[in-house]
Amino acid sequence: MQITTHATQPIDGQKPGTSGLRKKTRVFMEPHYLENFVQSIFDAIGGAAGKTFVLGGDGRYFNDRAAQVILRMAAANGAARVIVGAGGLLSTPAASNLIRKRSTDGGIILSASHNPGGHDGDFGVKFNTPNGGPAPEGVTGAIHAASGRISQYRIMEAQDVDLASPGERTLGAMTVEVVDPVTDYRRLMEELFDFDAIRRLITDGFTLRFDAMHAVTGPYAKAILEDALGAAAGSVVNARPLPDFGGGHPDPNPVRARPLVDLMMGPEAPDFAAASDGDGDRNMILGRGVYVTPSDSLAVLTANAHLAPGYARDLVGVARSMPTSRAVDRVAAARGLNCYATPTGWKFFGNLLDAGRATLCGEESAGTGSDHVREKDGLWAVLLWLNILAARRESVEGIMRRHWAEFGRNYYSRHDFEGVDAGAATGMIDDLRACLDELPGRRFGALTVETAEDFAYTDPVDGSRAAHQGIVITFDGGARAVFRLSGTGTDGATLRVYLERLETAPDALDHDPQDALAPVVAAADAIAGIAARLGRTRPDVVT
Ligand code: G1P
Ligand code: ZN
């Protein structure tokens with residue numbers, strides 16, 4: 001089979017963001033776009049010769065074509081083996097698991113996570129390092145640099161590899177090992193959780209629903225929740241992965257997964273419900289009549305993880321992204337655990353997990369995970385919840401009430417202003433940064449500013465530093481507002497405002513979060529001037 005070297009030129013903007021390179025699908029489909037970026041990955045990691053990689057994606061439009069291109073490029077660059085999920089599918093956590101378990105040289109994940117798919121939707125390519133985690137800044141920087149110097153890429157001229165079913169194929173001298181996407185992942189879950197206890201809970205009448213949102217977790221959830229754990233057939237809905245996710249927006253939050261929330265707030269609600277996103281790393285947890293915020297979920301999982309066999313050992317520590325609520329900090333303080341606050345993005349957890357400093361990690365953006373892989377893991381969070389419910393035999397609502405009574409409640413919400421003018425948004429953040437020194441002591445409505453900082457993080461393991469990771473304003477009494485711009489969007493800019501207020505009074509733990517947070521919302525707007533500067537009086541998405 002012939003290997004061709006194509007002349008090419010750098011393409012602007014091939015800079016990985018919060019999670020890999022994300023662009024409109026049609027941008028990725030432009031001539032040389034994908035090829036340039038993939039060659040830049042290989043170039044940045046010292047070539048592909050003799051190496052083994054994992055490859056898979058969330059099944060969105062162009063996943064199949066991109067997988068074939070990447071296989072032919074890997075072969076042309078001398079890779080020894082690529083382990084690929086059948087149909088080109090792998091959930092992000094399953095890919096992370098395979099990268100680790102098979103001691104590979106990394107992996108390429110095709111996904112734009114929860115962003116809509118399809119020809120007019122988004123596509124993404126992410127490189128994960130041999131620890132199974134998203135490439136850290138040093139590596140993504142090297143990939144970006146390589147994309148700016150590229151002059152050629154190598155590709156093999158060959159027919160498509162048959163990825164339909166497991167088995168070994170060859171592409172020139174390279175082996176293509178097609179694996180069932182679910183098998184290894186299910187085994188890992190069986191090691192971590194008490195499947196017998198969950199099965200007994202379900203046999204005793206516990207009911208659940210899982211919404212796969214027509215994305216990659218459908219086959220995983222069916223195999224695990226229905227086949228292995230005995231949930232009734234049909235408990236997993238929207239289980240078939242579709243290239244356009246059925247036209248939906250596969251983000252498991254109360255806005256995008258509205259039907260599931262409505263079900264759980266109505267008379268027909270099962271005991272438990274959950275959803276996952278496009279590539280299977282996010283999760284949403286609901287009980288009958290109750291939505292568990294991701295920040296609260298991290299806190300509850302930290303307080304109860306010991307009930308699952310895989311976490312019966314002591315937790316070594318916990319980590320949350322800085323904008324995530326400080327609910328978990330309260331559990332960590334009570335249990336004597338180290339608690340780290342990192343910048344937004346899972347890549348910052350990798351070093352803490354590798355160094356054995358953290359066992360559980362989480363982000364307010366519906367991401368929770370542990371040291372079992374190096375990505376957040378939607379179905380893992382669902383199974384840990386189920387294991388806890390099986391051990392405690394209490395309702396989700398009961399568990400939340402007890403948790404708040406013991407640790408206090410961190411009312412929390414995120415307000416997103418989407419598609420705002422990028423210049424205006426950047427200007428707003430810059431001006432905020434410039435006036436941080438003047439804020440402490442000033443009063444905004446009912447709240448007085450305690451501290452104001454431009455969040456920077458020094459990695460405690462390798463000393464690397466990430467600056468300008470968000471503006472954090474804390475108020476007296478445990479309230480906080482955080483401002484940052486999204487690093488995953490593909491249209492204009494998205495301003496995220498993260499709002500939090502601690503409540504410990506036993507008779508005030510039951511308010512609507514938006515009501516409880518109203519003074520913080522008002523103070524945040526007064527400080528940043530969102531309405532005045534961005535022309536927006538209300539957020540587009542409230543989670
Ligand atoms: C968003 C979330 C962040 C998450 C990332 C990838 O990034 O806020 O927590 O790690 O998606 O799933 P952002 O768009 O805010 O940069
Ligand atoms: Zn995702």
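Rule-based calculations on the coordinates, nothing more; no lab input. Model, not experiment: these values are computed from the prediction. Heads up, the Cβs are rebuilt from the backbone with ideal geometry, glycines too, and the neighbour counts pull from every protein chain shown.
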Handout entry: Rounded, prolate or oblate (a/c below 1.5 giving rounded, otherwise prolate when a/b exceeds b/c) for the chain by Cα gyration tensor
Key = oblate
Practice task
Take CYS361, CYS435 and order them by how many other Cβ atoms sit within 10 Å, fewest up front.
Solution key: CYS435, CYS361
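Which of the three applies to region 5-86, rounded, prolate or oblate, going by the alpha-carbon gyration tensor with a ≥ b ≥ c and a/c under 1.5 meaning rounded?
Oblate shape, in that a/c is at least 1.5 and b/c is the bigger or equal ratio.
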Handout entry: Nearby lysines by direct alpha-carbon distance to LYS24 (threshold 21 angstrom, same-chain neighbours under 8 apart not counted)
Key = LYS15, LYS126
Problem - Cβ-based charge dipole, the chain, positive-most Cα from ALA173, ILE45, GLY317 - result: ALA173
Handout entry: For region 42-119 and region 257-324, distance of Cα centres in Å
Key = 29 Å
Exercise for the section: Compute the signed sum of charges (Lys and Arg +1, Asp and Glu -1) over the other residues within less than 9 Å, Cβ to Cβ, of ALA341. Expected result: +1
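What is the fewest-to-most order of ARG443, ARG199 by other Cβ atoms lying within 10 Å of their Cβ?
Values: ARG443 12, ARG199 15.
Sorted ascending by nearby Cβ count, the order is ARG443, ARG199.
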Handout entry: Computed magnitude of the charge dipole of the chain (debye, nearest 20; Cβ of K, R +1, Cβ of D, E -1)
Key = 560 debye
Exercise for the section: May I ask for the net charge around ASP204, where only other residues with Cβ less than 13 Å from the Cβ of ASP204 are counted and Lys, Arg are +1 while Asp, Glu are -1? Expected result: +1
Fill in the blank from the handout: Nearest 10, in degrees from 0 to 90: the angle of helix 92-101 to the longest Cα principal axis of the chain is 60 degrees
Fill in the blank from the handout: Quick calc, region 121-197, dipole around Cα centre from Cβ unit charges on Lys, Arg (+) and Asp, Glu (-), nearest 20 debye, gives 560 debye
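Going by C-beta contacts inside 10 Å, put ILE108, ILE45, ILE471 in order with the fewest on the left.
If I rank by nearby Cβ atoms, fewest first, I get ILE45, ILE471, ILE108.
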